[in-house]
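Q: This is the structure, below, for whatever I ask next.
The numbers here are math on the coordinates, done by the rules we state, and not lab data. For clarity, every value in this text was computed on a predicted model and none was experimentally measured. Because the Cβ atoms are built from the backbone with ideal geometry, glycine has one as well, and the counts that use them run over all protein chains shown.
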Amino acid sequence: MEKTFAIIKPHAVKDKNSGKIIDMIEAAGFDIVCMEKIVVSYKEAEELYAEHQGKPFYLELIHGLTASPVVIMVLAKENAVKAWRDLMGATDPLKADAGTVRARFGKSIGQNATHGSDSLKSAHRECDIFFKNTVQPCC
């Protein structure tokens with residue numbers, strides 16, 4: 001079974017949509033291996049978005065993710081990376097298919113409700129940023 005990393009972003013948590021998003025995740029057949037509500041540090045956000053450093057939207061990503069609590073998760077399922085990205089929908093909520101997380105709970109490209117790893121390599125790297133000191137092995 002494949003694992004991927006996921007975040008329910010600050011605005012979705014603040015808007016009390018975490019439970020609804022988790023319901024969608026479980027209804028889609030994912031197992032939630034690890035889950036925690038945290039405030040992302042600036043350093044963790046920089047590590048997560050390292051590939052975007054120098055791009056015009058980089059600081060918006062960092063400030064958006066560190067604004068208030070998020071829910072971080074490791075999800076398991078066959079083809080988890082692709083399955084989670086499909087369930088999330090397009091980055092721009094206005095272009096996301098109906099019924100996807102971002103179509104339902106996203107407000108804009110910058111406030112698109114969720115993050116998901118784009119590959120297995122990214123999933124392992126991102127999981128290690130947030131769950132490296134967890135007693136229970138997640139990744």
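Q: Could you give the size of the charge dipole of region 2-131 about its Cα centre, using +1 on the Cβ of each K and R and -1 on the Cβ of each D and E, expressed in debye and rounded to the nearest 20? Walk me through the numbers before you get to the answer.
A: Working: 17 positive and 18 negative charges, 70 e Å.
Charge dipole of region 2-131: 340 debye, to the nearest 20.
Q: How far apart, in nanometres, would the label points at Ala28 and Lys121 be if each is projected 7 angstrom from Cα along the Cα-to-Cβ direction?
A: If labels sit at Ala28 and Lys121, their model points lie 2.4 nm apart.
Q: Hey, another quick one. Within region 1-93, which GluC sites (Glu not before Pro) sit in a loop by DSSP and count at most 11 neighbouring Cβ atoms inside 10 Å? If you can, show how the numbers build up before the last one.
A: Numbers: sites: Glu2, Glu26, Glu36, Glu44, Glu46, Glu47, Glu51, Glu60, Glu78; in loops: Glu78.
In loop regions of region 1-93 (DSSP not H, G, I, E or B), the sparsely surrounded GluC sites (Glu not before Pro) are Glu78.
Q: Still on this structure, please answer the following. Can you give me the long-range amide H partners of Ser117? Hydrogens built in the peptide plane at 1.01 Å from N, cutoff under 5 Å, separation of 5 or more residues or another chain.
A: Residues meeting the amide H criterion: Phe5.
Q: Over the Cα atoms of the chain, what radius of gyration and what Dmax do you get, in Å?
A: 13.7, 39
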